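So the structure is just underneath, and the comments pick up after that.
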Amino acid sequence: VTLTLYRDCGPTNTNGVGFDTEVEIGVFDDQGAHLFSEFFPFTTSDTVPVQLNNPCLSVTPTICVERAAYSGVIQLPGTGGFSLAYQRCCRTPATVNVQAPNTQGLTCSILVPPASLGPNDSPVFNDYPPIAMCVGEPFVFDHSA
């Protein structure tokens, strides 16, 4: 299992929180009961390159996105369906579309289907969406995996 997280590393990230040294992944059965948790270590991080493909944008030093990966192995107890979940508090105070963002957490979850339904691989996308877009400009992005 690999968990990839992104964070604002620019000057608007006024709380300056970095990535955790490890993450806790909760494992839940198909009824939502918590079975156990696994801890994955921080494995790598990098800064996402800012690619501005529209002439309305110019590179600004305030745009910065950092990516981190955490990886580990989870042995699931049986062949039933499971959910994996990660939770984290809080968001940067610079977020403008969430009320009190520095008090709002995040939960990421994914369903692992029963073994009888076949492989449980997650998609790997061909490209990442742009970090910045222009207001009022058309936006087209290929989300294929």
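Subtracting the Cα-Cα distance from 0.36 nm times the residue separation, let me have the gained length for VAL1 to ASP29 in nm, one decimal. It would help to have the intermediate numbers written out before the result.
On the way: separation 28, 0.36 × 28 = 10.08 nm, distance 1.69 nm.
Full extension from VAL1 to ASP29 adds 8.4 nm.
For segment 49-121, take the alpha-carbon Rg, divide it by the Kirkwood Rh, and send me Rg/Rh. The partial results should precede the final answer.
Details: Rg = 18.8 Å, Rh = 16.6 Å.
Ratio of gyration radius to Kirkwood radius: 1.13.
Distance between the 7 Å Cα→Cβ label points at MET133 and ASP121: 2.9 nm. Using Cβ point charges alone (K and R +1, D and E -1), the dipole size of the chain about the Cα centre works out to roughly 300 debye. Taking chymotrypsin sites (Phe, Trp or Tyr not before Pro) in DSSP loop states with no more than 13 other Cβ atoms inside 10 Å as exposed sites, the chain has its longest site-free stretch at 1-124.
In terms of its Cα atoms, the chain spans 53, 34, 29 Å along the principal axes, sorted from long to short. Short-range pairs are left out: with C-alpha atoms under 8 Å and at least six residues apart, the relative contact order of segment 42-145 is 25 percent.
Work out, step by step, the length gained on full extension between LEU52 and ASN102: first 0.36 nm times the residue separation, then minus their alpha carbon distance; give nm to one decimal. Intermediate values should be presented prior to the final figure.
Numbers: separation 50, 0.36 × 50 = 18.00 nm, distance 2.86 nm.
So the chain would gain 15.1 nm between LEU52 and ASN102.
Label reach from GLN87 (point 7 Å along Cα→C-beta): in segment 1-24, amide nitrogens under 17 Å belong to 23-24.
Here, each number is a calculation from the coordinates, and none is a lab measurement. Just so you know, these numbers come straight off a predicted model, no measurement behind them. Because the Cβ atoms are built from the backbone with ideal geometry, glycine has one as well, and the counts that use them run over all protein chains shown.
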